[in-house]
């Protein structure tokens, strides 16, 4: 007998595969991945938006229209899948859909997506160095999703497949601060 | 130890007997002597020198012989009557009175003995009460001393405990203050260091740092 979690995973896989299929058709696979991450970040940051889109007292069509308005300019396929999730009250699966979408992309294209966060923009030499290092580890081509975050101060943060390596100056300073605070 | 005493009842009885004998002897002597004195007066009255005083002086007081005999007879009769009826009644009354006094004295003696016995008993009870009171006072003093010692010990222990707690609290506060100071210093130092690094690093230096960290970074492949 399937549990709610199994059913939710099945639904998430269907959403992710549908989205990938639509993105491949329009050749916007990576753009959709970035936009999906952005939508997820917006949901986490904007409480009001989340409350409105999850508000059961509003009509599904109204909530869908609000989502399309909030994410205007995003890929049509992504907006379509979001609309279906709103109508089916499955918006809570968005994080899982995002994760599965990346896996589906990686499987479909035979690549591994690594998210790279730095305080300054990467140059081509650094990109090649990262790709070279992790291509050997994964045995696959590496695609980079680059992000800038001045709060890192310096260094680099890498994450892929749920694993994260924090080699930033900010984290090193934090460790130093903790060590100094706890020293007796 | 009590001295043996002569009973007052016996002394009074002896005195009463002696009095009675003396009284009887005196009355008899007066009656026997009275006729002699009367006859002597008669002989003196016969003398010529005293003839002139016959009708006056002592002659007026001395009865004539013819009067004296009936008087004597009358007196004897009176004495016999009194001796027969008056004297026994008088002596009976005296004896009764003596017996009453003797009883009273005996009762007084008994009462005195009883009171002496009671006095002795009271003295003994008083002594016992005094001893008991002294014992109670001693016990109370001992209990008070014990209580004082207990209170003193308890107060000392409480004071020591409070002192220990206060010392502990001070130590904890001191450690907390030091920890807070360390934390503040660490926060400030790190913030300054971060700002300095962020400001001072050029893009080239940033990339050099990234390169170095990348070389040191571990594997991302969890499988």
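Of the residues making up segment B:188-211, those that are modelled with pLDDT of 85 or more and more than 9 Å from chain A (Cβ to nearest Cβ) are B:188, B:192, B:202, B:204, B:208. When restricted to residues that are modelled with pLDDT of 90 or more and within 11 Å of chain B (Cβ to nearest Cβ), segment A:136-150 contains 1.
For segment A:132-142, does any single residue satisfy the condition of being within 30 Å of residue B:183 (Cβ to Cβ), in contact with a helix residue (DSSP H, G or I) (Cβ under 9 Å, 6 or more places away or on another chain) and free of Cβ contacts under 8 Å to residues at least 40 places away in the same chain? Within segment A:132-142, none of the residues are within 30 Å of residue B:183 (Cβ to Cβ), in contact with a helix residue (DSSP H, G or I) (Cβ under 9 Å, 6 or more places away or on another chain) and free of Cβ contacts under 8 Å to residues at least 40 places away in the same chain. Do we find that residue A:122 is in a helix (DSSP H, G or I) and in contact (Cβ under 8 Å) with a residue 24 or more places away in the chain in this structure? Judged against the criteria, residue A:122 is not a match. Being surrounded by 10 or more Cβ atoms within 10 Å (Cβ to Cβ), within 10 Å of another protein chain (Cβ to nearest Cβ), free of Cβ contacts under 8 Å to residues at least 60 places away in the same chain and over 30 Å from residue A:127 (Cβ atoms) is not true of residue B:167.
Identify all residues within segment A:163-184 that are facing chain B (nearest Cβ under 7 Å), surrounded by fewer than 21 Cβ atoms within 10 Å (Cβ to Cβ) and closer than 16 Å to residue B:218 by Cα; write none if there are none. Hits for segment A:163-184 are A:163, A:165.
Residues of segment A:78-89 being at pLDDT 90 or above and either surrounded by fewer than 17 Cβ atoms within 10 Å (Cβ to Cβ) or within 14 Å of chain B (Cβ to nearest Cβ) (or both), which ones? Matches in segment A:78-89: A:80, A:84.
The values are calculated or read from the model by the stated rules, or taken from the named source; none is laboratory data. Being a predicted model, the structure only gives us computed values, none of them experimental. Note that we place each Cβ from the backbone using ideal geometry, even for glycine, and neighbour counts take in every protein chain shown.
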